[in-house]
1. Tell me, what is the percent relative contact order of the range 2-72, built from C-alpha pairs under 8 Å that lie six or more residues apart?
2. Just flag the GluC sites (Glu not before Pro) in the range 2-76 sitting in loop per DSSP whose Cβ has no more than 11 other Cβ atoms within 10 Å.
3. Got a sec? What order do PHE53, PHE5 fall in by accessible area at 1.4 Å, biggest, i.e. largest, first?
4. Can you give me the convex hull volume of the Cα atoms of the chain, divided per residue and expressed in Å³?
5. With a probe of 1.4 Å, find how much accessible area the chain has per residue, and write the answer as a whole number in Å².
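The values are calculated or read from the model by the stated rules, or taken from the named source; none is laboratory data. Since the structure is predicted, the reported quantities are computational estimates derived from the model, not experimental observations. Here the Cβ positions follow ideal geometry from the backbone for every residue, glycine too, while neighbour counts run over all protein chains shown. Accessible surface areas use protein heavy atoms only, side chains included; no ligands, DNA or RNA. Shrake-Rupley method; radii C 1.70, N 1.55, O 1.52, S 1.80 Å.
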Amino acid sequence: AVQLFERSLEVAVKGLAVGAGKPGARYLGAAEVRWRFLGGKFYALGTGGTLLFPTTDGTLRPGAFASVGLGVDNAR
């Protein structure tokens, strides 16, 4: 994660790899952006990434997700 512009913008990247470089390897990744405004009391948040869904035959099917939101930071 990194914070920019006097901590008004935060960007975080996450990743996970299982069996990297081998057949059947699994990779997951996600990123999050948080922007604080009005003196840091409020923030807007966006998140997106990949995931794996189990299927009835026992395999994993890749998928993706995304979300957005608004929040209040009572600690400030």
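1. Details: 131 pairs, mean separation 16.4, N = 71.
Result for the range 2-72 is 23 percent.
2. Within the range 2-76, the qualifying GluC sites (Glu not before Pro) (loop, at most 11 other Cβ atoms within 10 Å) are GLU6.
3. The most accessible residue leads, giving PHE5, PHE53.
4. Convex hull of Cα atoms, per residue: 112 Å³.
5. On the way: 5750 Å² over 76 residues.
So the chain comes to 76 Å² accessible per residue, rounded to a whole number.
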